1. Considering only residues that are among the charged types (D, E, K, R) and in contact (Cβ under 8 Å) with a residue 12 or more places away in the chain, which ones fall in the stretch 37-53?
2. Cβ-Cβ below 6 Å, separation at least six or inter-chain, first residue in the stretch 90-110 and surrounded by 11 or more Cβ atoms within 10 Å (Cβ to Cβ), second assigned to a loop (DSSP other than H, G, I, E, B) and not charged (D, E, K, R): which pairs?
3. Mind checking which residues of the stretch 106-128 are more than 17 Å from residue 142 (Cβ to Cβ) and β-branched (Val, Ile, Thr)?
4. Could you list all residues from the stretch 111-153 that are β-branched (Val, Ile, Thr) and modelled with pLDDT under 75?
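The values are calculated or read from the model by the stated rules, or taken from the named source; none is laboratory data. This structure is a prediction, so every number in the text was calculated from the model and none was measured. Note that we place each Cβ from the backbone using ideal geometry, even for glycine, and neighbour counts take in every protein chain shown.
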Amino acid sequence: MEGLKHNLLSISQLCDKELKVIFESDYCTIHQKDSKEVAFKGMRHNNIYLIDLDNTSSSDITCLVVKDENPWLWHKRAAHIHMRQLNKLISKELVIGLPKIKFEKDKLCAACQKGKQVKSSFQSKNVISTSKPLEVLQMDLFGPSRTKSFGGN
């Protein structure tokens, strides 16, 4: 989301970890279901509930994340970078959070293929269309368009 400067917690993941989440108008609490001990407390700021993990009483904090080790997903996330460059980023540990997997180019990315396509050249013309030197020659290089203009042409 544009302008988002906070990490988000997944309520469904918290519930899957046997935690109970209670939202009030100005705060929220996250309890252990079995012991009913308060694990976290968050205060509401505008429309966002903020949890300060630095001031928590729990010493056993587990970060709930989703790890995806699909190399083609990381290729897309890194702006369609070449697989060889991704391997270099991993070997030199230049990106935090990038999984240590081997990136192999075993197929062709459709977006990369479209980005590298070039227009075929125009056919050569064997007939001279001008009669005098420096005469202007106008040609339609675009051809008929399937998309109608605002004027209906």
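1. Scanning the stretch 37-53 gives 41, 44.
2. Hits for this filter: 90/98.
3. Let us first name the residues in the stretch 106-128 that are more than 17 Å from residue 142 (Cβ to Cβ), namely 106-117, 124, 126-128.
127, 128 - these are the residues of the stretch 106-128 that are more than 17 Å from residue 142 (Cβ to Cβ) and β-branched (Val, Ile, Thr).
4. Listed by number, the list holds a single entry, 118.
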